[in-house]
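Structure first, commentary second.
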Amino acid sequence: MDRIAITGGARLNGTIPVSGAKNSAIKLMAASLLTDEPLRLTNMPRLADTRFLGKLLSRLGVEVVERDGADGQETVLHAAEITSGFAPYDLVRQMRASFNVLGPLVARSGQAKVSLPGGCTIGARPVDLHLQALEALGAKIDLHEGYVYAQAPRGLKGAEITFPIVSVGATEHAMLADGTTVIHNAACEPELADLQDCLNAMGAKVSGAGTPTITITGVARLGGATHAVIPDRIEMGTYAVAAAMAGGEVRLSNARPGLIDALLRKLEEAGAGVEETADGVIIRRNGSRLNAVDIETAPFPGFATDLQAQFMALMTTANGESRIRETIFENRFMHAPELMRLGADISVSGGEARVRGVERLEGAEVMATDLRASVSLVIAGLAARGETIVSRIYHLDRGFERLEEKLGACGAQVRRIKGDGEPEL
Ligand code: UD1
């Protein structure tokens, strides 16, 4: 398998264009199941996850065409007919978000059989709230041998749904009803507003996404549409942290800094320069060491859990001790022992990590454990003395488009070592 080698020490100077948001793109792709007309998604990232979902959708009968259009990379998805309502274990296991085809399949064709996604390295991640939402919308749900069998022959009806905890995925599922639905305690993540905009372009009547109450007024049918995927706030935040870690001056373009306000304020508090521009943000650090600051992850607009690993990497060389509290997932510190291989001083207890900043990290061989953890190791490698080699980078390829190219354009020494095709132990 491929690995990534980073030779640390180079400052970053240049511009990094931010891609379309992975977490939005995959939900929007699944929304193509809701109509027999083509859905054209522009500003599409090309990632392992989007390719993967494309493969699953093709199996369900969707024609998926990736192309370079007048507005850049786009994907056209045409579900003229759903030929199968079956999402097998192998495809859902590899990417949890594949589970999001369940709701659209039931809404469109009245039935679906979708594998349970199972746990993953960052926590148990159950789907009970997704299933409760679909049941509230009138679907009959049965679980057998690892599969969810969902049936709603007369379509999904409206309901009033109050989530006990905030869940991005379950909120997205509840937004697919035909009838009039009110969702309380909805997730407020920007990807929900993006899904709302896309559904409305398809003829739906959804309002309130981005607030804790979302209202869906059922319409008879949805049609085709063109929709631009919002910029990836996690990619933007990742490169902002990378610039603060390596030092230099990086302009992030095609970005919406308002979506990572919590991170930008923490970067400022730590001593990095943050300047918002018309289409993004400039991050600067001129040699001086950053100060340790504490963070606590929270649902949007709080500090994103998907940026926690990157921020921990940044804090490994800050001046003082930083406390990092993870409140969304119960096992999301898998990157800590890997950062410690580079010389970081971290202790983890329950949902809290304490990071005591060291003068300098040393390059080492490390292993990626999940998508965001993998990029935290690359960030650490940018500032480590010598060479850092990150293995299992298939995690990285799931969510970061052309990472070596984007960092390399700013002067980072990052290269991919092609594997021999052998799986890693
Ligand atoms: C999405 C994002 C992920 C991000 C997360 C939180 C995608 C593809 N992934 O994941 O990158 O880290 O939001 O911002 O968009 N939960 C339950 N029961 C459920 C569903 C969730 O208990 O049925 C729990 C989860 O275990 C977790 C918490 O709710 O502790 C939040 O999870 P959720 O917001 O659903 O995350 P995802 O949608 O899976």
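The values are calculated or read from the model by the stated rules, or taken from the named source; none is laboratory data. Since the model is a prediction, treat every value here as computed from it, not as a measurement. Here the Cβ is made from the backbone with ideal geometry for all residues, glycine too, and neighbour counts use every protein chain on show.
What the table shows:
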item: THR75 vs. criteria more than 16 Å from the ligand (Cβ to nearest atom) and under 19 Å from the mean Cα position of the chain (by Cα); result: yes
item: Residue in the stretch 88-100 that is more than 23 Å from ASP370 (Cβ to Cβ), surrounded by fewer than 19 Cβ atoms within 10 Å (Cβ to Cβ) and of a type in the set (S, T, N, Q) present; result: no
item: ASN319 more than 30 Å from THR171 (Cβ to Cβ) and touching a Leu at 6+ places or on another chain (Cβ under 8 Å); result: yes
item: Test: GLY14 is in a loop (DSSP other than H, G, I, E, B) and at pLDDT 95 or above; result: no
item: Any hit, the stretch 81-93, residues being more than 16 Å from the ligand (Cβ to nearest atom), touching an Asp or Glu at 6+ places or on another chain (Cβ under 6 Å) and in a loop (DSSP other than H, G, I, E, B); result: no
item: Residues satisfying the stated conditions in the stretch 127-140, i.e. surrounded by fewer than 17 Cβ atoms within 10 Å (Cβ to Cβ) and either among the small types (Gly, Ala, Ser) or in a strand (DSSP E or B) (or both); result: LYS140
item: Options ALA298, ALA272, ALA309: the member that is touching a His at 6+ places or on another chain (Cβ under 6 Å) and surrounded by 15 or more Cβ atoms within 10 Å (Cβ to Cβ); result: ALA309
item: Residue match in the stretch 156-163 (condition: crowded, with 23+ Cβ neighbours inside 10 Å and at pLDDT below 95); result: yes
item: Residue within the stretch 162-177 that is in contact with a His (Cβ under 7 Å, 6 or more places away or on another chain) and part of a strand (DSSP E or B) present; result: yes
item: Matching residues in the stretch 1-54 - criterion: being among the β-branched types (Val, Ile, Thr) and surrounded by 19 or more Cβ atoms within 10 Å (Cβ to Cβ); result: ILE4, ILE6, ILE16, VAL18, ILE26, THR35, THR50
item: Residues of the stretch 153-208 that turn out to be of a type in the set (D, E, K, R), closer than 25 Å to PRO38 by Cα and within 12 Å of the ligand (Cβ to nearest atom), as a count; result: 3
item: Matching option when the condition is closer than 15 Å to ILE230 by Cα and under 22 Å from the mean Cα position of the chain (by Cα), among SER32, SER24; result: SER24
item: All positions within the stretch 204-220 that are among the hydroxyl-bearing types (Ser, Thr, Tyr) and either part of a loop (DSSP other than H, G, I, E, B) or touching a residue at least 24 places away in the same chain (Cβ under 8 Å) (or both); result: THR211, THR213, THR215, THR217
item: Scope the stretch 275-289; condition touching a residue at least 24 places away in the same chain (Cβ under 8 Å), surrounded by fewer than 18 Cβ atoms within 10 Å (Cβ to Cβ) and part of a strand (DSSP E or B); matching residues; result: THR277, ARG284
item: Residue in the stretch 290-300 that is in a helix (DSSP H, G or I) and of a type outside the set (D, E, K, R) present; result: no
item: Among residues of the stretch 94-110, those that are within 16 Å of the ligand (Cβ to nearest atom) and not in a helix (DSSP H, G or I), counted; result: 1
